[in-house]
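Shown next, in structure tokens, is the structure this report addresses.
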Amino acid sequence: MHNSIKRFYIANRTKFIVSSFILFAIISIINFIFIYYITAQSNDECLWIQKKDSDGSSIIIFDQVKIDGVTYQAGIKNGDILVAIDGKKAINNFIATQILDKVQKGDYATYTIKRGDSTFDTPVLVKKLINIPGLAFVLLSTLWLIVGFVVILVKPDGKTQSLFYRIGIVLVINAMTSLLYRGMVVDNPLFRTPLIPLLVDNISQAAAIFLPFMLFKFFSIFPKDFSYSNKKWFDKKLYLIPLGIFIIMLLIKIIFVYINRYEKVYASQNNLIGILNGIGFLSGFILLLIGYLKLKTKKERVPIFIILLAYLVGILALVYTNFIAPSIAGLIFNNPAYFAPIILIALLPVAFGYSIFRYSLMDVSDVIRNTIVYGTATAALAGIYFLIIYFIGQSVGSFLSDEYQGIIAGVIFVIFAVVFQSTKDRFQELLTEKFYPEQFLFQKNLLKFSNDVTVIVGTDNILNAVEQLFVKSLRLKHFGIMLNNFGKERAYHIVRQEGFNNPDLKIYDENSAIENYFISEMQLGKKAVLERQDFKRAAEGRFSAILEEEVYTIVPLIIKSKVIGVLLFGVKISGSQFTSKEMELLISAASQTAISIESARLYDSEIQKQKIEIDLENARRIQESLLPKVALQIEGVDIYGTMFPAMHVGGDYYDFIKISEKKLFVVISDVSGKGLSGSFYMSKIQTMIRLYCSELKSPKEILIEINKKIYNEIEKNWFITLTLALIDTDKSEITFVRAGHTPLIRINDNVLEIYQPGGVGIGLDKGEVFNSTIEEITLKLNKGDLIFLYSDGVTELMNNKEELYGINRLKSLLVANKDLTSERISKVIVNDLESFRGSEDQYDDITFIVLKVS
């Protein structure tokens, strides 16, 4: 729900901003109207003091009558008593003020004065005194709101810009206290409904409480971030503290002011809020001063110095107005000009505006200049076209009757509207090229890059092209490309850079915080861009290391919701950061780059895969060449072997080693693994078998020797199972050993026997266990015997129903086909295995030997 609301706001953010500006601009206008017309006070340049007469009735006594003031010129002196104004009795100050306020500025009011025992009437010129402090704060808030509106329109998602605009809104709300100035003394329409003054009072008070904390936050990130501003607690406390203060003050006000009518409590609260605002403004100035002193270059310092100077003037104006002016001028009624310098606080947003537009703070100046130039040029071009249309219409109309003039005028208008649109676009392009060469070059090169990068082949070539674009073509002094290696290290590495202090910069991202941040921003409808002021805050602070470099903007390389890298940008050649519109072009270029890099990776992967396929195919051919090529011919024996590796190459092998016309070694082996590693050990064991097989050694002696040799060479998590048999046709015997391999099957007539002598796999033991457990068996061979040796890949073959081929099916097949030749039996077995497996993948090597005694 929260994300849905957030996405809706982001999608309609500009509309919300414009609507909010209109709303608060209207409030500002109302504030001005109330100051000048509703709450303005009639002024007769003296002080009225209300006292009790001897009979207990109230009297109004004149005091501090200004020399040569309007009251003085009317002949009124200190100590005189005001009896009536324009014939209406002045019962007390409240009534007298209401009567006098109805007199317009510049008119005369007739005062009835009592001096001693005499009473006389005298005309008094009426002046008007506006709420000068209120005017100062309304002016401050209005100017801040206007500057903030322009700033946030340029970069709606900017943290600094957004906060600056919100301060403008809070200032406007705070300035609403001017609506309640002088309370019910004046004919204020707000007081006709009691609830409205209560709402205005509490809303403006809430704004006054939040304001100092927002100023503190703003000057903690402007012009440079303070380290504490990126802490998680910072934002929360800066909003929770003022919220808590407001709730406490509201409860106190309800109990002591609204219910029990202790007005002094209300005054005390306002004093406390005034002190809080004073501290807020002063702390903002101190933070700005510290930030200014941290700036390294004159170019950075100049615009901030202007703001700092205006800020200082504003603070001095507040101090002067509140503490010095009263002691110099006395009554504000007598010398309002002495209190006017408080207006100088409005210089702060003016200074911000000047620095922002003049020195490109917050990326604003380019937008303003573009708007003015393009708007003026477009208007001028439109004016020229309409003049042309008018004169052509007049000329054609003079030759045609009235009934055709309307039709001709419409046709001409349509034609010129089309021409105007195409000409306008070309005209704006010429203006950009002429007045904004940097912007024109930027757009032109990025568009060209977007077209060219799609046809570049190879990751290195693409990276070179990106570097060429931003460093050579756009002349960025600081630029970098980091790619995610997606390995165990989970880090982003610099692969191209320009102007970096640390060319080997690396950002570790074990829990994918960077990817999660950018993807979540995109899901909320935000631009996938990170700016310098957010480096510490975003992505769990992963980009803090980049703060040592002159990097101000980070744009991710995203493909299929995966961040494969980031582009790092410094400022432009002009010294300004990229504008919001330029950001969109950067994002577009980054997107094209990501697609191209991923395509290049896939291409490289495919090439590498093809190379591996070729290497594997060569390895397969080599392995096949090591196997017996044709059925071995030996008197009285029909023998045939088969092997199907699960991959290109396998860990199984079989071999026939003829040592005489009457003797033959038969070996079948299975390495505990498949693929290249398995084939490597297979080749090693085959070499050893051929080396050690001779008439002088028995199968057991051969395997004991081989185990001793291979134990120190084989990896500890590998082993080899093997059956080695010696066939002696002269003696009609077969002597064999089994080193952990599958059993030997013998069939004669319909009798099937399984032989499984003891023995463990080769390479599992150095020799003691292996030598003591291996068992050698000798069997007498009879005419018609079928000997079957196989690897476990035969019986453990699985189909798509997860059923195993199994020993029972194998036995049945052997018995049923025992009368066929060894080659025919082999083909029957192969066909049955493939039929059983169906479309299921083969996960283990399949090897077997069929031997028939004739």
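The values are calculated or read from the model by the stated rules, or taken from the named source; none is laboratory data. Keep in mind that this is a model prediction, so the values were computed, not measured. Methodologically, a virtual Cβ is constructed for each residue, glycine included, from the backbone with ideal geometry; neighbour enumeration extends over all protein chains shown. Just so you know, the surface numbers come from the protein's heavy atoms only, side chains and all, with ligands and any DNA or RNA stripped out. Shrake-Rupley method; radii C 1.70, N 1.55, O 1.52, S 1.80 Å.
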Given (1) open to solvent by 20 Å² or more (accessible area, probe 1.4 Å); (2) over 60 Å from the mean Cα position of the chain (by Cα), Thr742 misses just (2)
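Residues that are open to solvent by 70 Å² or more (accessible area, probe 1.4 Å): list the helices (runs of 4 or more DSSP H) wholly contained in segment 1-107 that include at least 2 such residues. Quick ask: steps written out before the conclusion?
Details: elements: 2-11, 13-33, 70-73, 93-101.
Once the helices (runs of 4 or more DSSP H) in segment 1-107 are filtered for at least 2 residues that are open to solvent by 70 Å² or more (accessible area, probe 1.4 Å), what remains is 2-11, 13-33, 70-73.
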Touching a Pro at 6+ places or on another chain (Cβ under 9 Å) and at negative phi: does that describe Ser283?
-> yes
All-but-one check, Ala538 against (1) modelled with pLDDT of 90 or more; (2) within 12 Å of the chain's Cα centre (by Cα); (3) open to solvent by less than 10 Å² (accessible area, probe 1.4 Å), failing number (1)
So Ser220 clears everything in (1) under 18 Å from Gly541 (Cβ atoms); (2) surrounded by fewer than 20 Cβ atoms within 10 Å (Cβ to Cβ); (3) more than 21 Å from the chain's Cα centre (by Cα); (4) of a type outside the set (A, V, I, L, M, F, W, C) except one condition, right? Which one?
-> (2)
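Residue under question is Phe719, and the condition is that it be touching a residue at least 12 places away in the same chain (Cβ under 8 Å) and under 21 Å from Thr847 (Cβ atoms); does it hold? Even if it seems obvious, please write down each step before you answer.
Values: touching a residue at least 12 places away in the same chain (Cβ under 8 Å): yes; under 21 Å from Thr847 (Cβ atoms): yes.
Considered against the rule, which asks whether it is touching a residue at least 12 places away in the same chain (Cβ under 8 Å) and under 21 Å from Thr847 (Cβ atoms), Phe719 comes out as yes.
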Report the residue count in segment 185-231 for those that are assigned to a helix (DSSP H, G or I) and under 18 Å from Lys253 (Cα atoms).
-> 16
From the set of residues in segment 825-854 that are crowded, with 16+ Cβ neighbours inside 10 Å and polar (S, T, N, Q), which is farthest from the chain's Cα centre (by Cα)?
-> Ser826
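Which one is nearest to Gly183 (Cα to Cα) among residues in segment 251-266 that are open to solvent by less than 50 Å² (accessible area, probe 1.4 Å) and aliphatic (A, V, I, L, M)?
Looking only at segment 251-266, we keep the residues that are open to solvent by less than 50 Å² (accessible area, probe 1.4 Å), and these are 253, 257, 265.
Pick out the ones that are also aliphatic (A, V, I, L, M) and you get 257, 265.
Details: Val257: 15, Val265: 17 Å.
The extreme case among them is Val257.
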Among the candidates Val453, Val466, single out the residue that is of a type in the set (A, V, I, L, M), in a helix (DSSP H, G or I) and at pLDDT 85 or above.
-> Val466
Close pairs from segment 297-309: first in a helix (DSSP H, G or I), partner of a type in the set (Lys, Arg) and surrounded by 12 or more Cβ atoms within 10 Å (Cβ to Cβ), Cβ under 8 Å, at least 6 apart | Pro303/Arg358
The one condition Lys236 fails out of (1) touching a residue at least 24 places away in the same chain (Cβ under 8 Å); (2) at negative phi is (1)
Within segment 284-303, how many residues turn out to be open to solvent by less than 50 Å² (accessible area, probe 1.4 Å) and more than 31 Å from the chain's Cα centre (by Cα)?
-> 2
Yes/no for Asn501 being of a type in the set (S, T, N, Q) and in contact with a strand residue (DSSP E or B) (Cβ under 8 Å, 6 or more places away or on another chain) | no
Run Asp509 past the list (1) open to solvent by less than 30 Å² (accessible area, probe 1.4 Å); (2) acidic (Asp, Glu); (3) touching a Gly at 6+ places or on another chain (Cβ under 9 Å) and report the number of the one that doesn't hold.
-> (3)
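In the set Ile275, Ile245, which member is touching a residue at least 24 places away in the same chain (Cβ under 8 Å) and either exposed (fewer than 12 other Cβ atoms within 10 Å of the Cβ) or part of a helix (DSSP H, G or I) (or both)?
Numbers: Ile275 fails: touching a residue at least 24 places away in the same chain (Cβ under 8 Å).
Testing whether each residue is touching a residue at least 24 places away in the same chain (Cβ under 8 Å) and either exposed (fewer than 12 other Cβ atoms within 10 Å of the Cβ) or part of a helix (DSSP H, G or I) (or both) leaves just Ile245.
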Looking at Ile132, Ile146, which one is of a type in the set (Val, Ile, Thr) and open to solvent by 30 Å² or more (accessible area, probe 1.4 Å)?
-> Ile146
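For residues that are hydroxyl-bearing (Ser, Thr, Tyr) and crowded, with 20+ Cβ neighbours inside 10 Å, scanning just segment 304-325, find the one that is farthest from Tyr359 (Cα to Cα).
Among those that are hydroxyl-bearing (Ser, Thr, Tyr) and crowded, with 20+ Cβ neighbours inside 10 Å, it is Thr321.
Please enumerate the residues belonging to segment 150-168 that are assigned to a helix (DSSP H, G or I), within 22 Å of Phe213 (Cβ to Cβ) and touching a residue at least 12 places away in the same chain (Cβ under 8 Å). If you could, list the steps in order and put the result at the bottom.
Residues of segment 150-168 assigned to a helix (DSSP H, G or I): 150-154, 159-168.
From the residues that got through so far, the ones that are within 22 Å of Phe213 (Cβ to Cβ) too are 151-152, 159-168.
Scanning segment 150-168 gives Val151, Ile152, Lys159, Thr160, Gln161, Leu163, Phe164, Tyr165, Arg166, Ile167, Gly168.
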Could you please give the count of residues in segment 544-576 that are open to solvent by 50 Å² or more (accessible area, probe 1.4 Å) and in contact with a strand residue (DSSP E or B) (Cβ under 7 Å, 6 or more places away or on another chain)?
-> 0
Any idea which of Ala539, Ala491, Ala545 is more than 24 Å from Phe226 (Cα to Cα) and among the small types (Gly, Ala, Ser)?
-> Ala491
Of the listed residues (Leu139, Leu145), the one being in contact with a Gly (Cβ under 8 Å, 6 or more places away or on another chain) and not in a strand (DSSP E or B) is Leu145
